[in-house]
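Inspection log for the structure reproduced underneath, given as structure tokens.
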Amino acid sequence: MKSMTGKFCLALGLLFGAAALADDPPPYKILILEDPDIDQRKVLGFVNKIRATPPYSQLGKQLAFEFVLGNKAKMDCKHPYDDIPRVVSCDSSYAADEGAKVGAHKVLNLANFTSGGGGGVSPTVGIGDTPETALHELGHSIAGLADEYEYSKSEAKFYCTMPTPDAKPNEAFFAPKLKVFPSDAMARSIHSKDIPWYDQILPATLITSGTDLGTPEGSFPLHIGRNKTVTGLYPGGSCNKLIPTWHSYQGDNAMNDADNSFFNPVQARALLRAMEKARGARFTGITLTALPTDPPVGSAATPAAPVTPTKTSAE
């Protein structure tokens, strides 16, 4: 009788354990759609760089990659704009079809170009460019992150929808409503709704410098993070030649330097929240905060094991 009871309990435990595993949400999946002529060793370099970069490095098995050798003609990768030669794009409809076949949340096209990249629904990177470029373009595509470098005037006219571009998770576009702000509290009262990341600015962090709008450079109360900065309201950014533009964090990062792999706390939070929304479930085991008493984003991460691809060929 004792033996039967033990077997019954073991069977019941296995049953509920299997049910719990079955209830685990699927990972966020990125399909790597490859031009069939590219160097496969570089593909792994791109993917392993993504895997090792916070916040992606914190996800472990909650992030998955699949690899498909695309049909070169159907991918139709090209430089679409003669006046902006760094931009590369591939056919988004074909990418969407291939992504749907494997249940991917995002498709990253790797094109047989020496350089260049582009965002959009299915971002594209030239295989001759750096893996950091892939991080930059995924930032655009997954979370709608804005470029934080300043566009030339012709680029601003092309990319910045006027009279006022839509705010991005990491950039805002507005002129100060006062020429002189008597207090920081008044500036917050007037402009809090204009700043998408306002809830991540600490109460002790000023958003004015004297009577002007903008967090003082070099004055960082309570906390000095990477690049010696805190989340605040800093002047400058993509559309600044046409309209006053503001960004959330000072210093080099993946969205103002295509050779940089650092996502600041505002950018990292936007990435994770967008991926969770697409996945339909929250991630677990994430260290993500803009608060000074907690570790910076990615500090507790351990690099994931290198990816070894299993490839299929698209028709």
ask   = Only one of these conditions is not met by D76: (1) of a type outside the set (V, I, T); (2) crowded, with 19+ Cβ neighbours inside 10 Å; (3) without any contact (Cβ under 8 Å) to a residue 60 or more places away in the chain. Which number is it?
value = (2)
inquiry  = Taking the criterion of being more than 26 Å from the chain's Cα centre (by Cα) and either assigned to a loop (DSSP other than H, G, I, E, B) or not assigned by TED's automatic domain parsing to the domain that holds D91 (or both), would at least one residue in the range 145-153 satisfy it?
reply    = no
request  = Identify, by number, the condition in (1) assigned by TED's automatic domain parsing to the domain that holds Q267; (2) at pLDDT below 95 that K2 doesn't meet.
outcome  = (1)
inquiry  = Looking at the structure I just gave you, is L178 more than 22 Å from G117 (Cβ to Cβ), part of a loop (DSSP other than H, G, I, E, B) and modelled with pLDDT under 95?
reply    = no
task = Go through the range 239-249 and count every residue that is of a type in the set (S, T, N, Q) and crowded, with 22+ Cβ neighbours inside 10 Å.
result = 2
task = For the range 23-68, name all the residues that are farther than 14 Å from L108 by Cα and of a type in the set (F, W, Y).
result = Y56
note = Of those in the range 256-274 that are within 22 Å of A104 (Cβ to Cβ) and touching a helix residue (DSSP H, G or I) at 6+ places or on another chain (Cβ under 6 Å), the residue surrounded by the fewest Cβ atoms within 10 Å (Cβ to Cβ) is A274
request  = State whether one or more residues within the range 151-174 are at pLDDT 95 or above and more than 29 Å from I84 (Cβ to Cβ).
outcome  = no
task = Among residues belonging to the range 161-191 that are under 19 Å from R269 (Cα atoms) and among the small types (G, A, S), point out the one that is surrounded by the most Cβ atoms within 10 Å (Cβ to Cβ).
result = A172
inquiry  = Considering only the range 267-282, I want to know if a residue exists there that is more than 18 Å from the chain's Cα centre (by Cα) and modelled with pLDDT of 65 or more.
reply    = no
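The values are calculated or read from the model by the stated rules, or taken from the named source; none is laboratory data. Just so it is clear, the model here is predicted, and its values are computed rather than measured. Note: ideal-geometry Cβ built from the backbone for every residue, glycine included; neighbour counts use all protein chains shown.
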